[in-house]
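A short worksheet on the structure shown next.
The values are calculated or read from the model by the stated rules, or taken from the named source; none is laboratory data. Because the structure is predicted, anything quoted here is derived from the model rather than measured. Every residue, glycine as well, gets a Cβ built from its backbone with ideal geometry; the counts of neighbours run over all protein chains shown.
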Amino acid sequence: MSTDPHPTPAPQSGPLGIVMLCHTALHRAAQVAQFWLAANCPVVIHVDRAVGAAQMDAFKQALGPHPLLRFSTRFRCEWGTWPIVAATQAASEQMLNEFAQVEHVLLTSGSCIPLRPADELAEWLEQRRDVDFIESVSIGHAPWIKGGLSEERFTLYFPFSWKQRKWAFDLLVNIQRRFGIRRDVPRPLQPHMGSQWWCLSRKTLQGILNHPKRARYDRYFKGTWIPDESYFQTMVRMVSDRIESRSLTLVKFDRNGRPNLFYDDHLQLLRRSDCFVARKLWPDAQGLYDFFLSGQIMRETPIDPQPAKIDRYFELAAKQRSDGRAGLYMQSRFPLDDSINAKTAAPYSVFCGFQQLFRNFDFWLGNAANCRVHGHLFAPEKAEFYGGAKVYHGAISNSAALRDYNQRMFLANLIWATRGERQCFSYNSRDKMTPDLNWFMATDRNAQISVISGCFILPLFRGDYKVDDVLGHIGWLQRREQEFIAILQSKWTSADIRVWTLAEFLQDPQRFLSETVRAAFPDAQLAENDLPQIGSLDGFEDYLTHLRNLGLPPVLLQDYKR
Amino acid sequence: MKAIRAQLRLRAQRQTKLMRALRKSLELKSRVNRTADIRQGDILAFTTLRNELVRLPYFLDYYRAQGVGHFLMVDNASDDGTTEYLEGQKDVSLWVTGASYKQSCFGVDWLNHLQWRYGAGHWTLVVDVDEFLVYPFCDTRPLHALTDWLESQGRKSFSAMLLDMYPKGPVTAQPYCSGQNPFEIARWFDACNYSLKRNGKLQNLWIQGGVRARAFHGARPEQAPALNQTPLVDWARKYAYVSSTHMLLPRGLNKVYDDSGGEQASGVLMHAKFLDTIVAKAREELARGQHYAGSREYAAYDRGLQDQGDLWCDFSTEYINWRQLEILGLMSKGDWA
């Protein structure tokens with residue numbers, strides 16, 4: 001316990017004491033300290049011993065002498081190590097000893113900023129005199145930690161510096177895990193963790209600092225990892241009976257466990273949060289410092305902090321970083337094949353054979369489902385966009401060369417650019433079918449692929465071609481279609497897939513067609529619009545027989561009987 | 001074993017590149033050197049240019065406002081007063097050279113050298129005078145906020161894809177005046193027609209597309225210019241750009257994207273190429289033959305801009321702000337909230 005160096009009687013102060021831990025951006029820390037001092041709050045500042053003498057002098061000079069200002073014993077605080085706790089203890093002791101009127105002590109850092117007038121906080125605390133505000137979460141329960149060690153913080157040995165000897169730190173952790181080396185938590189300590197920044201009542205803080213077994217516990221915590229997030233959080237459980245397990249300091253951590261910075265554009269967000277203190281500010285956020293330190297008007301009615309909105313804001317950002325926007329391929333999001341389920345941004349439908357079997361299928365579907373239906377997007381000549389457009393949404397060109405240069409991206413771009421409107425297009429073996437594209441669609445859970453196999457023959461059958469001239473072509477088309485269907489019927493697909501042979505489909509075309517369309521468009525107007533007409537199939541059986549006799553393996557047509 | 005060999009080859013390639021930069025630095029003549037004014041922590045801009053007088057005032061002001069501390073520029077034989085103008089700017093250090101742009105890997109060697117010499121320990125921004133960086137929150141946060149944050153995330157490089165902007169109507173219809181914001185004229189862009197592929201060797205993404213692919217390379221898409229850029233790097237002496245700012249060595253610097261579904265933060269380099277100045281530029285550059293792949297890009301502009309005149313189409317998007325680009329998915333704020 002340090003003794004009071006001031007022979008004069010303790011200065012009159014408000015009931016709220018501020019302990020500040022500072023190591024960088026001291027000019028900002030000085031501004032904040034002055035804010036508290038002006039509100040009659042005593043301030044005890046700990047400055048990291050790594051800060052040079054010149055900077056320290058400038059800092060002291062900027063603050064000037066003040067009856068409510070003290071500087072505490074300096075420690076060298078490396079992130080995640082004991083001296084941070086030691087510094088906090090020393091500064092807190094000094095606060096309690098030298099300022100007798102202090103009822104609550106608020107622990108802050110040099111880059112924290114008060115968001116509300118100091119009097120509002122003091123008054124709010126006055127009404128909660130014996131309550132301790134400290135986030136204190138039992139390690140058995142909530143997944144409080146973002147990445148890294150959790151319970152092991154308490155049960156392993158950490159002789160190496162994480163910052164300076166990361167490899168040794170990691171190695172030793174792994175060795176201890178491997179061989180089951182553990183240290184025991186001294187009873188009756190119940191390990192708890194939580195935000196480093198707390199606000200404790202005089203009684204509780206004294207209870208912790210004057211605890212009969214403090215030396216024993218201090219020794220234990222010296223060996224744990226990141227004790228600044230567990231020492232007070234654990235000790236408080238033994239001495240306090242009125243804990244509110246939340247921090248009055250708003251801190252949002254990112255995925256690496258670093259506090260998110262606040263900038264000028266967060267002003268409204270911070271203001272509406274009604275939190276008392278926020279951490280951590282970008283030192284050059286001039287607008288925030290100007291606004292929050294300039295003496296806001298104190299409000300009449302007491303208001304509780306409402307951090308939900310700001311929580312949501314940062315959660316969304318974290319989600320964008322970790323999950324990204326589905327179906328987006330861009331310079332800083334390029335998922336590898338197997339790392340995502342949805343490869344595109346929205347559901348779409350691929351129809352194979354429908355356009356050949358039914359008259360004006362695209363027109364009919366467009367009316368029935370009230371959407372714009374493309375033709376064959378992958379036709380060899382060009383991408384047949386709806387209405388024959390040369391350019392479509394997102395400025396996608398109908399050039400076949402551009403499309404085929406990167407077919408996946410062509411499709412992914414189209415789906416991304418038309419989010420909100422379901423895309424439908426025809427696709428068959430005459431198109432620029434590539435295994436890459438086939439696999440891309442078959443493994444995309446947004447794809448609905450419906451195939452009536454064998455329909456590729458119909459245009460040739462109806463057209464004025466000599467069979468001998470097109471025989472090779474038919475063989476080629478059939479082979480490609482089979483390859484496509486083999487992919488669709490493999491076990492790796494995740495698309496919504498329907499495959500019929502032409503004969504199967506003709507058994508109940510009405511039902512199959514409406515089922516398919518309804519799966520994509522539950523609201524489709526199928527009753528009012530008659531089903532599209534099937535083109536004439538007279539003589540088709542003879543045609544197939546003829547093909548078979550010419551030597552074509554009629555794989556998918558063998559069951560065709562009319 | 002194979003991996004080690006590949007590593008060694010990459011290291012050799014990088015060192016060759018650095019040696020080459022050193023050799024090519026002999027071609028540079030210092031015209032005015034104010035690099036003594038560079039302060040610790042300054043963000044430095046590096047630029048090669050030729051006859052760009054009309055664009056310079058806006059360019060310099062744009063980046064000064066973002067917080068660039070010093071400009072290091074190589075003037076490749078300008079004769080329109082560019083040299084004299086730059087000499088008069090207090091935050092510009094200027095080198096001049098009459099040597100071949102093509103022979104110096106299109107300026108990469110010169111700039112690699114200047115970055116090696118002055119860039120180490122600083123965030124460096126390599127941009128042409130018609131490229132304007134847009135990054136998340138650029139309307140409210142200075143570039144320093146971004147670099148501070150990148151540093152806190154342990155990131156060394158930041159990507160900004162090139163986004164070609166164009167006017168509505170013939171490019172010659174609205175003349176550009178010095179000092180004017182070029183995007184008052186070239187306000188339009190292609191939102192979603194980009195092709196991305198991954199370059200296995202250097203791990204960068206290969207991005208092509210946009211208006212240049214649509215209007216000029218419809219038949220030969222593989223010849224469309226690359227749009228992936230990594231212009232902002234926390235520079236160290238061992239780094240080198242390989243070709244333009246598309247690729248860097250060591251290759252870890254090219255890994256500016258997330259490959260497990262998430263989004264890294266990224267920006268956009270808005271490209272004010274398609275102004276009325278391009279017609280004269282295309283003629284001049286064709287005559288000099290100092291550009292990539294036999295200046296075929298300029299040949300295409302010369303042809304294309306005369307035939308069609310208008311790059312605009314029904315599905316062109318009009319530029320509003322960075323938030324729009326982020327919603328469209330051209331850039332991302334990642335988790336920088």
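Screening B:Glu52 against (1) of a type in the set (D, E, K, R); (2) in a strand (DSSP E or B); (3) surrounded by 20 or more Cβ atoms within 10 Å (Cβ to Cβ) leaves a single unmet condition, (2).
Just checking, does the range B:287-298 include any residue being surrounded by 22 or more Cβ atoms within 10 Å (Cβ to Cβ) and over 21 Å from the mean Cα position of the chain (by Cα)? No: the range B:287-298 contains no residue that is surrounded by 22 or more Cβ atoms within 10 Å (Cβ to Cβ) and over 21 Å from the mean Cα position of the chain (by Cα).
Evaluation of A:Ala368 against the conditions (1) within 14 Å of another protein chain (Cβ to nearest Cβ); (2) of a type in the set (A, V, I, L, M); (3) touching a residue at least 24 places away in the same chain (Cβ under 8 Å) shows that the sole unmet condition is (1). Of A:Phe410, A:Phe385, A:Phe363, all but one fail to be more than 9 Å from chain B (Cβ to nearest Cβ) and modelled with pLDDT of 95 or more; the exception is A:Phe385. Does at least one position in the range B:237-246 carry a residue that is away from every other protein chain (no Cβ under 13 Å), under 30 Å from A:Asp254 (Cβ atoms), crowded, with 23+ Cβ neighbours inside 10 Å and within 16 Å of the chain's Cα centre (by Cα)? Among the residues of the range B:237-246, at least one is away from every other protein chain (no Cβ under 13 Å), under 30 Å from A:Asp254 (Cβ atoms), crowded, with 23+ Cβ neighbours inside 10 Å and within 16 Å of the chain's Cα centre (by Cα), which makes the answer yes.
Here's the yes/no breakdown for (1) at pLDDT 90 or above; (2) under 30 Å from A:Ser247 (Cα atoms):
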{"position": "A:Pro302", "(1), (2)": "no, yes"}
{"position": "A:Ile310", "(1), (2)": "yes, yes"}
{"position": "A:Ala317", "(1), (2)": "yes, yes"}
{"position": "A:Ser322", "(1), (2)": "yes, yes"}
{"position": "A:Ala326", "(1), (2)": "yes, no"}
{"position": "A:Gln331", "(1), (2)": "yes, no"}
{"position": "A:Ser339", "(1), (2)": "no, no"}
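Could you please let me know if A:Asp304 is more than 30 Å from the chain's Cα centre (by Cα) and away from chain B (no Cβ under 14 Å)? Here the answer is no, as A:Asp304 does not meet what is asked. Any chance the range B:247-258 includes a residue that's within 10 Å of chain A (Cβ to nearest Cβ), among the hydrophobic types (A, V, I, L, M, F, W, C) and either within 27 Å of A:Asp404 (Cα to Cα) or not in a strand (DSSP E or B) (or both)? Within the range B:247-258, one or more residues are within 10 Å of chain A (Cβ to nearest Cβ), among the hydrophobic types (A, V, I, L, M, F, W, C) and either within 27 Å of A:Asp404 (Cα to Cα) or not in a strand (DSSP E or B) (or both). For the range B:288-331, filtering for residues that are in contact with a Leu (Cβ under 7 Å, 6 or more places away or on another chain), at pLDDT 70 or above and part of a helix (DSSP H, G or I) leaves 3.
Of everything in the range A:211-267 that's assigned to a helix (DSSP H, G or I) and among the aliphatic types (A, V, I, L, M), which residue is surrounded by the most Cβ atoms within 10 Å (Cβ to Cβ)? If we take residues in the range A:211-267 being assigned to a helix (DSSP H, G or I) and among the aliphatic types (A, V, I, L, M), then A:Met235 is surrounded by the most Cβ atoms within 10 Å (Cβ to Cβ). The strands (runs of 3 or more DSSP E) found entirely in the range A:346-443 that carry 3 or more residues being in contact with a Gly (Cβ under 9 Å, 6 or more places away or on another chain) and crowded, with 20+ Cβ neighbours inside 10 Å are A:423-426.
Taken over the range A:413-436, the criterion of being touching a Leu at 6+ places or on another chain (Cβ under 8 Å) and within 14 Å of chain B (Cβ to nearest Cβ) is satisfied by A:Leu414, A:Trp416, A:Gln423. Of all residues in the range B:315-336, those that are more than 8 Å from every other protein chain (Cβ to nearest Cβ) have Cβ atoms under 7 Å from Cβ atoms of residues that are small (Gly, Ala, Ser), 6 or more apart or on another chain, in B:Glu326/B:Ser332; B:Leu328/B:Ala191. Among the residues of the range B:58-70, is any buried (at least 17 other Cβ atoms within 10 Å of the Cβ), aliphatic (A, V, I, L, M) and touching a residue at least 24 places away in the same chain (Cβ under 8 Å)? Yes, that holds for at least one residue.
Rundown of residues vs (1) in contact with a Gly (Cβ under 7 Å, 6 or more places away or on another chain); (2) of a type in the set (Phe, Trp, Tyr), yes/no style:
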| residue | (1), (2) |
| --- | --- |
| A:Trp162 | yes, yes |
| A:Phe169 | no, yes |
| A:Arg178 | no, no |
| A:Pro186 | no, no |
| A:Leu189 | no, no |
| A:Met193 | no, no |
| A:Trp197 | no, yes |
| A:Leu200 | no, no |
